[in-house]
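Peer 1: Here you go, one structure.
What follows is calculated from the coordinates using simple rules that are stated; it is not laboratory data. These numbers were taken from a predicted model, which means no experiment stands behind them. Counting neighbours? That spans all protein chains shown, and the Cβs are built from the backbone with ideal geometry, glycine included.
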Amino acid sequence: MTGADFLDTNVLVYAYQLDAPDKHRIAKDFVKRAVLGNFVISTQVLSEFASTLLRKASPPATPKDVIAILDGLSAIKVIAPDGSVVRRAVEAQALYGLHHYDGMIVATAERAGSQQIWSEDFNAGQKYFGVTVRNPFT
């Protein structure tokens with residue numbers, strides 16, 4: 001099954017932070033393409049993204065701004081994990097040595113039928129359960 005590409009949190013964060021101009025430009029293009037279709041994200045990605053903007057951004061975003069951004073991203077299909085995704089994340093941890101939350105990204109991308117995860121937080125070129133990681137910034 002071939003599904004939409006999966007966007008990790010860091011791509012969204014770079015699209016809305018200006019402190020790394022080259023990554024910002026690339027990430028912004030990915031987000032535009034994601035809103036138009038054939039990309040997916042997870043509830044975990046949205047939660048991490050909102051938390052990063054509210055707590056770690058410099059300066060931190062206001063809740064009102066984050067709500068507006070989330071509304072703008074609402075066209076991107078969101079995959080919600082369930083018990084079997086959590087179980088698969090534990091399998092990813094055992095098989096690949098991933099942190100549990102990275103395993104959740106892999107398991108959710110697999111659930112979506114994604115062929116690729118776009119992220120700088122994994123080993124580029126690595127396959128996890130048949131899903132290949134690509135770094136959009138290299």
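Peer 1: Taking the Cα centre of each part, how many Å lie between the stretch 79-138 and the stretch 32-47?
Peer 2: 15 Å
Peer 1: 222 nm [θ] for the chain, helices only, -39500 (n - 2.57) per DSSP H run of 4+, per residue, to 500?
Peer 2: Working: 6 runs with 69 residues, N = 138.
Value at 222 nm, helices only, nearest 500: -15500 deg cm²/dmol.
Peer 1: Okay, moving on. Size of the dipole of the chain about the Cα centre, Lys and Arg at +1 and Asp and Glu at -1 on the beta carbon, nothing else charged, in debye to 20?
Peer 2: Details: 14 positive and 14 negative charges, 34 e Å.
Here the size comes out at about 160 debye.
Peer 1: Taking the Cβ of Glu91 as the center, what net charge do the other residues with Cβ under 13 Å away carry, scoring Lys and Arg +1 and Asp and Glu -1? Display every interim value, and only then the final one.
Peer 2: Working: positive: Arg87, Arg88, Arg111; negative: Asp102, Glu110.
Net charge in that neighbourhood comes out at +1.
Peer 1: Can you tally the net charge around Met104? Count Lys and Arg as +1, Asp and Glu as -1, for every other residue whose Cβ sits under 15 Å from the Cβ of Met104.
Peer 2: On the way: positive: Arg87, Arg88, Arg111; negative: Asp8, Glu48, Asp82, Glu91, Asp102, Glu110, Asp121.
Its environment carries a net charge of -4.
Peer 1: Just add up the charged neighbours of Gly113: K/R +1, D/E -1, any other residue whose Cβ is under 12 Å from the Cβ of Gly113. The partial results should precede the final answer.
Peer 2: On the way: positive: Lys77, Arg111; negative: Asp5, Glu110.
Here the charged neighbours net out to 0.
Peer 1: Also: Given Cα pairs under 8 Å that are at least 6 residues apart, what percent is the relative contact order of the chain?
Peer 2: Working: 212 pairs, mean separation 39.3, N = 138.
Result for the chain is 28 percent.
Peer 1: How large is Rg/Rh for the chain, to two decimals, with Cα atoms and a Kirkwood Rh? Intermediate results must be reported in sequence, preceding the final value.
Peer 2: Values: Rg = 14.4 Å, Rh = 15.0 Å.
Across the chain, the Cα-based Rg/Rh ratio is 0.95.
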